[in-house]
Amino acid sequence: MKEYRKHLTAVLLAIISIAVLAGCNSDDGKASGKSDPLKVHIALNGKMGPLVIAKEKGLFNEEFSKLDAQIEWSEFQSGPPLLESLASNRVDLSFLGDGALIAGIDKNLPFEVIAQTGRGESSVRILAQAEGNIKQIEDLKGKTVGVASGTTGHVYLIKALKAHGLTTDDIKLINLQPDDAQAAFETKKLDAWAIWNPYYLNNIEKGNAVALKVKGKILAPGAIIARNGFAKAHPEIVEAYLKVYKKAADWQIENPDEASEIYSKETKLPVSTVRTIITAEKPNIFFTEDAIKAQQESIDTLAGVGYIKKSFNFKNQINNEYIDEAFKK
């Protein structure tokens with residue numbers, strides 16, 4: 001019995017020691033009196049955008065070093081797979097196109113909308129084969145159309161079809177991520193493709209595709225997001241993130257040639273093509289009324305076709321707390 005008690009005492013002491021060590025190595029990164037940098041998981045959504053500039057030029061270094069924070073980068077082709085990582089706490093900060101954004105809110109995923117990326121006026125188009133017989137949206141009926149399901153391209157396609165009296169039931173929809181869709185489009189396995197830049201302009205400039213005209217103007221605004229738990233625990237990091245994002249966006253506007261060179265290396269596209277893309281529309285992190293209206297129209301449209309469970313008020317999803325604090329006068 002004495003031996004058992006000695007053994008039990010030793011086990012309890014070991015557990016207490018582990019607990020003490022764990023307490024010294026808590027979420028704020030402190031261990032043995034020393035502070036380890038807080039790991040911040042930032043996701044790139046594609047190979048273009050202010051986050052790419054910020055990463056390349058090290059713009060986060062100064063702001064985050066003040067806060068004893070360190071970035072761990074990840075990269076995704078589109079929003080839906082990014083959402084999966086966010087839901088499992090592997091993404092803290094990023095941005096989403098309207099399709100993934102709306103689907104994520106509809107599914108009550110753990111993130112909040114803290115700013116926008118821009119109006120999205122020039123970012124998405126429906127491409128048809130340059131030598132095909134599709135000349136207008138109505139010609140898509142019965143045709144094979146590629147799109148990454150749940151993305152901004154998907155939302156654009158649904159809205160464009162609706163504007164011309166069609167639905168996705170009228171076409172043969174193929175779910176493909178951008179790189180796979182590019183290969184399928186080049187080999188003419190797709191009659192058409194709903195896609196965003198830099199893909200659409202690159203294909204037009206290479207002579208592979210033509211962009212179909214759509215009635216009216218379809219905006220595809222994106223949004224900057226933060227994971228709920230992370231934002232609540234580290235509001236100062238979220239504010240710093242917004243400051244750096246805007247700094248990178250402003251730098252891109254002021255230095256289009258150098259920015260084009262950076263994006264060209266990332267995308268392997270001609271510098272001239274990239275410059276056309278980034279100068280077509282300026283990034284803007286402050287929500288505009290037309291962008292909010294466009295998001296609401298997208299929400300109502302997707303609810304109407306059953307893609308999301310029900311409509312919701314987009315304005316109610318915006319948390320201006322972080323952007324107001326980051327840029328308060």
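Given the Cα-Cα distance of Glu138 and Ala163 and 0.36 nm per residue of separation, how much length would full extension add, in nm?
Working: separation 25, 0.36 × 25 = 9.00 nm, distance 1.01 nm.
8.0 nm is the gain from fully extending Glu138 to Ala163.
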request  = Express in whole angstrom the spacing between the alpha-carbon centres of the range 173-215 and the range 227-262.
outcome  = 30
task = With a point put 7 Å past each Cα toward its Cβ, work out how far Gln70 is from Lys189 in nm, to one decimal.
result = 4.2
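Just to be sure I understand: if I project the alpha-carbon convex hull of the range 230-329 onto a plane and average over all orientations, what area do I get in nm²? Walk me through the numbers on the way to the answer.
Numbers: hull surface 36.5 nm².
Orientation-averaged projected area of the Cα hull: 9.1 nm².
Can you tell me how the range 27-175 classifies by the Cα gyration tensor, rounded, prolate or oblate, using a/c under 1.5 as the rounded cut?
Values: a/c = 3.36, a/b = 2.48, b/c = 1.35.
Verdict is prolate for the range 27-175.
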query = Hey, what D do you get for the range 122-232 in µm²/s if you plug the Kirkwood alpha-carbon radius into Stokes-Einstein at 10 °C and 1.306 mPa s?
reply = 111
remark   = With all protein chains present, the range 104-192 has a carbon and sulfur share of its accessible area (1.4 Å probe) in percent of 44
inquiry  = Can you give me the distance in nm between label points at Asp257 and Phe312, each placed 7 Å from the Cα along the Cα-to-Cβ direction?
reply    = 4.7
remark   = The simple spin-label model distance between Val271 and Ala211, using points 7 Å out along Cα→Cβ, in nm, is 2.4
query = If you take all C-alpha pairs in the range 203-271, what percent of them are over 19 Å apart?
reply = 64
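Taking square-rooted eigenvalues a ≥ b ≥ c of the alpha carbon gyration tensor, is the range 28-100 rounded, prolate or oblate, where a/c under 1.5 means rounded and, failing that, a/b exceeding b/c means prolate?
Numbers: a/c = 3.40, a/b = 1.58, b/c = 2.15.
Oblate.
In a shell of Cβ-Cβ distance under 14 Å around Phe64, excluding Phe64 itself, what net charge do Lys and Arg (+1) and Asp and Glu (-1) give? Numbers along the way, then the final one.
Details: positive: Lys39, Lys55, Lys57, Lys66, Lys243, Lys247; negative: Asp36, Glu62, Glu63, Asp68, Glu72, Asp92, Glu236, Glu239.
Net local charge, Phe64 excluded: -2.
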ask   = Roughly how many Å² is the accessible area per residue of the range 172-329, as a whole number, for a 1.4 Å probe?
value = 51
inquiry  = Once the cut-off is 16 Å, how many percent of the Cα-Cα pairs in the range 253-304 end up in the long-distance tail?
reply    = 56
query = So what is the 222 nm mean residue ellipticity for the chain from helices alone, if each DSSP H run of at least 4 adds -39500 (n - 2.57) and you divide by all residues, rounding to the nearest 500 deg cm²/dmol?
reply = -14000 deg cm²/dmol
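Counting pairs of alpha carbon atoms under 8 Å apart in space and at least six apart in sequence, what relative contact order in percent does the range 229-280 give?
Values: 20 pairs, mean separation 12.8, N = 52.
Once divided by the residue count of the range 229-280, the mean separation gives 25 percent.
Using a Förster distance of 30 angstrom, determine the FRET efficiency expected from the C-beta separation of Asp180 and Val305, and round it to 0.05. Intermediate results must be reported in sequence, preceding the final value.
Details: r = 24 Å, r/R0 = 0.81.
E(calc), rounded to 0.05, equals 0.80.
The values are calculated or read from the model by the stated rules, or taken from the named source; none is laboratory data. Computed from a prediction, not measured in an experiment: that's the story for all the values here. So basically every Cβ, Gly included, is an ideal-geometry build from the backbone, and we count neighbours across all protein chains shown. What goes into the accessible areas is simple: the full protein's heavy atoms, side chains included, and nothing from ligands, DNA or RNA. Shrake-Rupley method; radii C 1.70, N 1.55, O 1.52, S 1.80 Å.
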